[in-house]
Amino acid sequence: MYAQMPGQWWCGLGFMLNTSNLTDYPTVYLTLEVDPKSQRRSAIIEAMKKICKQPEWKGYELDDSKAWSRMVLGRSLQSFLAEEDHVAAIQNFFREALDELSEIKNQYPLLPWATVGAVHIAPTIASVDDDDEILSSGYESDNLVTV
């Protein structure tokens with residue numbers, strides 16, 4: 001799932017492959033990324049650098065003015081598989097990541113946080129009951145949820 005925000009930056013939440021090796025486990029993540037052409041780039045990068053001082057956040061290309069720069073809060077999918085209920089553990093990670101994003105928004109209220117247009121939704125983990133019956137898929141047929 002991702003949301004485009006004003007100031008030519010975006011926020012994403014989901015799974016990503018970090019390498020071209022398809023046998024590697026994907027990363028479960030929350031990311032914020034800014035366009036090198038963003039007029040708000042310097043303020044966004046300054047905030048990202050401060051946030052990335054926290055050990056759970058990693059910054060990428062924060063000093064390269066010609067690159068898309070990003071910060072990521074993520075864990076390997078493999079680390080969740082040892083959990084008794086790995087689906088619940090991943091859902092909990094997403095909840096905690098969104099809570100942390102909310103705290104960041106409160107700490108940096110002058111950054112351009114509003115979404116532009118729509119939040120784009122991709123298929124997500126289904127919610128199931130005790131009998132493994134699907135309650136909801138978390139998928140919007142047109143892949144868009146307007147905000």
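The values are calculated or read from the model by the stated rules, or taken from the named source; none is laboratory data. Since the model is a prediction, treat every value here as computed from it, not as a measurement. Positions of Cβ are generated from backbone atoms using ideal geometry, with glycine treated the same way; all protein chains shown enter the neighbour counts.
At-a-glance table
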| read-out | value |
| --- | --- |
| Entirely in the stretch 62-147, the strands (runs of 3 or more DSSP E) that have 2 or more residues that are at pLDDT 95 or above | 69-76 |
| Residue list for the stretch 1-51, restricted to those being among the polar types (S, T, N, Q) and either over 24 Å from Ser65 (Cα atoms) or touching a strand residue (DSSP E or B) at 6+ places or on another chain (Cβ under 8 Å) (or both) | Gln4, Gln8, Asn18, Ser20, Asn21, Thr23, Thr27, Thr31, Ser38 |
| Pairs with Cβ under 7 Å, 6+ apart, first in the stretch 31-57 and of a type outside the set (A, V, I, L, M), second assigned to a helix (DSSP H, G or I) and at pLDDT 95 or above | Ser38/Ile44; Trp57/Ile51 |
| Set Thr27, Thr19, Thr23: member being surrounded by 17 or more Cβ atoms within 10 Å (Cβ to Cβ) and without any contact (Cβ under 8 Å) to a residue 60 or more places away in the chain | Thr27 |
| Of residues in the stretch 30-48 being in a strand (DSSP E or B) and in contact with a helix residue (DSSP H, G or I) (Cβ under 9 Å, 6 or more places away or on another chain), the one surrounded by the fewest Cβ atoms within 10 Å (Cβ to Cβ) | Leu30 |
| Residue identified as among the hydrophobic types (A, V, I, L, M, F, W, C) and touching a residue at least 60 places away in the same chain (Cβ under 8 Å) among Leu81, Leu101, Leu73 | Leu101 |
| Restricting the stretch 52-78 to residues that are surrounded by fewer than 16 Cβ atoms within 10 Å (Cβ to Cβ) and of a type in the set (S, T, N, Q), the residue that is nearest to the chain's Cα centre (by Cα) | Ser76 |
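Residue by residue, here is whether (1) in contact with a helix residue (DSSP H, G or I) (Cβ under 6 Å, 6 or more places away or on another chain); (2) over 23 Å from Lys50 (Cβ atoms); (3) among the hydrophobic types (A, V, I, L, M, F, W, C) holds:
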| site | (1), (2), (3) |
| --- | --- |
| Ala82 | no, yes, yes |
| Asp85 | no, yes, no |
| Ile90 | yes, yes, yes |
| Leu98 | no, no, yes |
